[in-house]
Amino acid sequence: MAGMTNAQVAQILEEIAELIEIKGEISFKVRAYQRAAEAVAGASHSLERVREEKGGLDSLPGVGKSIAEKIEELLDTGKCSYHEKLLAEIPPTVLEMLRIPGLGPKKAKMLMDRAKITTIEQLEEVARAGRLRKLPGMGEKTEQEILRGIGHLREYSKRTDLGLAWEIAGNIMDQLRASAPVEQMEAAGSLRRMRETIGDIDILVTSSDPEAVMERFANLQLSTEVIVRGPTKTTIRTAAGIQADIRVVAPESFGAALQYFTGSKQHNIKLRDFGVRHGIKLNEYGVFRVKDGKETRIGGQTEEEMYAAVGLPLIPPEIREDQGEIEAAREGRLPQLVEMSDVKGEMHCHTSWSDGHDTVEAMARAAKEAGYSYVALTDHSPSQTVANGLKVDRLLKRREEIEGARKAVRGITILEGTEVDILRDGSLDYPDEILSELDYVVASVHSGWKMSRDTMTERIVRAMENPWLDCIAHPTGRLIGQREPYEVDVEAVMLAAARLGVAMEISSDPVRLDLRDVHARRAKELGVKLMIVTDAHWPRSLSLLRFGVATARRGWIEASDVLNCLPLSQLRKRLRRSKVKVRGT
DNA sequence: GCCGTTTTCGGCCCGACTGTTTTCAGTCG
């Protein structure tokens with residue numbers, strides 16, 4: 001049993017694409033592997049399940065006979081002989097060289113063939129010696145660009161998390177609005193789709209004076225380097241490392257450009273392909289009817305026009321990932337995605353009784369100001385000594401304070417909750433009689449991360465069998481860019497949640513986003529109800545909700561799938577504990 | 001290598017910018 005994850009298989013397919021691109025295979029073959037890699041990475045089932053139960057591997061879009069065979073080999077043996085054969089010709093260090101901005105497959109091949117350069121270190125040495133410029137297609141500027149690119153790669157090799165990218169983009173747009181002649185302005189790209197990490201920030205504007213906008217953008221305070229400076233496009237590197245692009249487009253093309261630059265690439269390819277079949281051409285300037293070789297412009301000012309031209313309703317940016325959204329739009333079954341305003345209460349936050357930074361009353365007031373009608377205070381349980389977890393005596397003292405706050409803060413219901421630890425053996429960190437007295441119990445793993453996959457899965461499922469457990473918090477424990485998820489069979493946990501009526505969280509913290517988008521989508525299929533929460537440790541973190549809602553939207557989640565979109569009375573009836581009480585009394 | 005409302009063969013999205021070029025290839029999104 002090789003036990004490869006979808007992500008691992010996707011990475012190998014992606015590597016095959018890069019390797020054959022360096023070899024000089026036709027671009028369509030390269031794209032076929034890239035497309036297959038994306039389909040695998042975005043699949044909502046494990047590849048094993050797709051193979052056994054879901055119509056076979058070649059049912060994935062972009063996966064045919066040949067690639068399906070390679071995936072089978074990977075699943076069965078953990079290796080792919082084609083991949084290994086390619087790696088014997090092109091060392092993996094050459095793939096690392098492709099990460100250098102401005103260095104693509106063609107130059108990599110030339111470097112390998114003409115100068116025996118196969119590592120970043122060799123490349124750096126040759127460039128520093130001023131010998132790179134003597135190679136064909138290279139010059140002094142390319143040499144410098146490559147040296148800069150190597151430096152940058154070392155400094156900032158990772159994508160930026162959604163939270164930071166959102167902040168920087170907001171900052172840039174605020175400054176431009178205040179000091180440049182911009183009219184319409186929107187961030188496009190993966191930021192608009194709210195992906196969990198962002199490669200770079202894309203901003204689109206309309207302006208009567210593009211040059212002034214370019215100039216202002218290039219000179220923003222957070223710009224550390226101007227990488228491209230054209231009449232309608234400028235790219236800067238920001239102090240945080242992430243690059244930002246701005247493009248000025250004509251007002252009549254704003255919708256077309258926004259659609260185009262929002263992507264995803266695969267969504268756009270499919271949409272264009274769909275357009276071509278209807279005699280419609282879409283590009284970043286507009287949408288055109290093509291007849292007898294002549295093009296007539298029929299729209300482009302708004303995104304709605306772009307989609308309408310091919311007979312589709314507007315598809316929300318978060319689901320433009322070529323994961324069935326175009327087909328759904330065509331058949332009139334696009335989901336009505338959950339919105340911020342649908343969320344009626346916060347169901348996971350902390351106070352200064354454990355590791356939060358503010359009092360019960362302050363958190364309640366903050367939740368009320370955020371527009372909520374209820375808030376569950378879920379401080380940690382005793383095992384979380386580092387987080388000042390509450391032993392039973394302090395839990396009871398907190399209860400008194402909550403009762404006081406209920407009188408002091410009107411207009412919001414304060415729920416007495418806990419985030420109880422799931423101990424190593426799967427038991428919970430409070431006795432049942434205590435858990436039964438609370439309004440709400442969310443449980444999570446905070447210790448013993450390095451268990452085997454099976455043991456961890458059993459541990460969590462066992463915890464869920466406790467009838468007082470209402471919800472599982474941040475189910476995979478990952479911290480994006482900092483800590484890998486613990487080994488756990490998410491599918492098995494979700495199946496247990498469906499069986500037992502336990503809800504699962506989407507944690508909105510942009511470092512967590514856990515459950516992630518594809519898991520949320522699968523949870524919905526299985527009938528698992530979700531909670532979108534912030535896990536706030538101080539009042540201002542309540543605003544992180546937007547990232548959790550975005551993640552839910554990326555998972556095709558509707559308000560009816562989310563328990564804390566319900567009014568409190570209905571929420572209470574849907575909590576797992578309500579069923580215990582009915583049976584028990 | 002994949003795919004099918006024109007197709008089981010012959011297509012496959014397309015434009016901007018840059019650098020190194022004497023007219024265009026490579027990279028990027």
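The values are calculated or read from the model by the stated rules, or taken from the named source; none is laboratory data. All values reported here derive from a predicted model rather than from experimental measurement. Because the Cβ atoms are built from the backbone with ideal geometry, glycine has one as well, and the counts that use them run over all protein chains shown.
Scanning segment A:265-284 for residues that are more than 6 Å from DNA strand B (Cβ to nearest atom) and part of a strand (DSSP E or B) returns A:Ile280, A:Leu282.
In segment A:544-585, the residue that is nearest to A:His474 (Cα to Cα) out of those that are among the polar types (S, T, N, Q) and at pLDDT 95 or above is A:Thr551.
Counting only strands (runs of 3 or more DSSP E) wholly contained in segment A:169-242, the ones carrying 1 or more residues that are more than 27 Å from A:Asn268 (Cβ to Cβ) occupy A:223-229. If you go through segment A:155-174 and pick out every residue that is surrounded by fewer than 16 Cβ atoms within 10 Å (Cβ to Cβ) and free of Cβ contacts under 8 Å to residues at least 40 places away in the same chain, you end up with 3.
Let's see how each residue does on (1) within 15 Å of A:Arg320 (Cα to Cα); (2) at pLDDT below 90; (3) buried (at least 22 other Cβ atoms within 10 Å of the Cβ):
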residue	(1), (2), (3)
A:Gly189	yes, no, yes
A:Met214	no, no, yes
A:Ile227	no, yes, no
A:Ile246	no, no, yes
A:Glu252	no, no, no
A:Leu271	yes, yes, yes
A:Lys294	no, yes, no
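The rows are residues; the columns are (1) surrounded by 13 or more Cβ atoms within 10 Å (Cβ to Cβ); (2) within 11 Å of DNA strand B (Cβ to nearest atom).
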{"position": "A:Lys109", "(1), (2)": "yes, yes"}
{"position": "A:Thr119", "(1), (2)": "yes, no"}
{"position": "A:Gln122", "(1), (2)": "yes, no"}
{"position": "A:Arg128", "(1), (2)": "no, no"}
{"position": "A:Leu132", "(1), (2)": "yes, yes"}
{"position": "A:Pro136", "(1), (2)": "no, yes"}
{"position": "A:Gly149", "(1), (2)": "yes, yes"}
{"position": "A:Leu153", "(1), (2)": "yes, yes"}
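Contact map, segment A:376-392: residues that are within 16 Å of A:Ile434 (Cβ to Cβ) paired with residues that are at pLDDT below 90 and crowded, with 18+ Cβ neighbours inside 10 Å, Cβ distance under 9 Å, separation 6+ or inter-chain. Pairs shown: A:Asp379/A:Ala387; A:His380/A:Ala387; A:Leu390/A:Gln384. The set of residues from segment A:386-413 being among the aliphatic types (A, V, I, L, M), under 36 Å from the mean Cα position of the chain (by Cα) and surrounded by fewer than 18 Cβ atoms within 10 Å (Cβ to Cβ) comprises just one member, A:Val386. Within segment A:297-314, the set of residues being assigned to a strand (DSSP E or B), without any contact (Cβ under 8 Å) to a residue 40 or more places away in the chain and away from DNA strand B (no atom under 15 Å from the Cβ) comprises just one member, A:Ile298.
Inspect all residues belonging to segment A:183-190 and state whether any of them is touching a helix residue (DSSP H, G or I) at 6+ places or on another chain (Cβ under 6 Å), within 13 Å of DNA strand B (Cβ to nearest atom) and more than 28 Å from A:Tyr285 (Cα to Cα). No - not one qualifying residue is present in segment A:183-190. Screening the candidates A:Arg576, A:Arg553, A:Arg483 for the property of being basic (Lys, Arg) and surrounded by fewer than 19 Cβ atoms within 10 Å (Cβ to Cβ) yields one hit, A:Arg483. Here is a list: A:Ala497, A:Ala492. Which entry is surrounded by 20 or more Cβ atoms within 10 Å (Cβ to Cβ), of a type in the set (A, V, I, L, M) and in the same structural domain as A:Ser447 (by TED's automatic domain parsing)? Answer to the selection: A:Ala497.
Here is a yes/no grid of residues against (1) at pLDDT below 90; (2) surrounded by fewer than 17 Cβ atoms within 10 Å (Cβ to Cβ):
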{"site": "A:Ile22", "(1), (2)": "no, no"}
{"site": "A:Glu25", "(1), (2)": "yes, yes"}
{"site": "A:Tyr33", "(1), (2)": "no, no"}
{"site": "A:Glu38", "(1), (2)": "yes, no"}
{"site": "A:Ala43", "(1), (2)": "yes, no"}
{"site": "A:Leu75", "(1), (2)": "no, no"}
{"site": "A:Leu86", "(1), (2)": "no, no"}
{"site": "A:Arg99", "(1), (2)": "yes, yes"}
{"site": "A:Pro105", "(1), (2)": "no, no"}
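Taking the conditions (1) of a type outside the set (Lys, Arg); (2) crowded, with 18+ Cβ neighbours inside 10 Å; (3) within 11 Å of DNA strand B (Cβ to nearest atom) in turn, A:Ser59 satisfies each one other than (2).
Taking segment A:414-455 as the search range and keeping residues that are buried (at least 21 other Cβ atoms within 10 Å of the Cβ) and among the polar types (S, T, N, Q), which one is nearest to A:His380 (Cα to Cα)? Result: A:Thr418. Residue pairs whose Cβ atoms lie under 6 Å apart, separated by 6 or more positions or on different chains, with the first residue in segment A:208-231 and over 18 Å from A:Gln175 (Cα atoms) and more than 9 Å from DNA strand B (Cβ to nearest atom) and the second in a loop (DSSP other than H, G, I, E, B) and of a type in the set (A, V, I, L, M), do not occur. When we screen A:Arg195, A:Arg177 for residues that are touching a residue at least 60 places away in the same chain (Cβ under 8 Å), more than 11 Å from DNA strand B (Cβ to nearest atom) and of a type outside the set (Gly, Ala, Ser), the only hit is A:Arg195.
Residues in segment A:480-515 that are assigned to a strand (DSSP E or B) and within 19 Å of A:Thr378 (Cβ to Cβ) were compared, and the one that is farthest from the chain's Cα centre (by Cα) is A:Ala503.
Filtering segment A:358-379 for residues that are more than 13 Å from A:Pro539 (Cα to Cα) and of a type in the set (D, E, K, R) leaves a non-empty set.
Per-residue answers, yes or no, for (1) assigned by TED's automatic domain parsing to the domain that holds A:Asn171; (2) near DNA strand B (Cβ under 10 Å from one of its atoms); (3) over 30 Å from A:Asp322 (Cα atoms):
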position: A:Ile203; (1), (2), (3): yes, no, no
position: A:Lys233; (1), (2), (3): yes, yes, no
position: A:Tyr260; (1), (2), (3): no, yes, no
position: A:Gly263; (1), (2), (3): no, yes, no
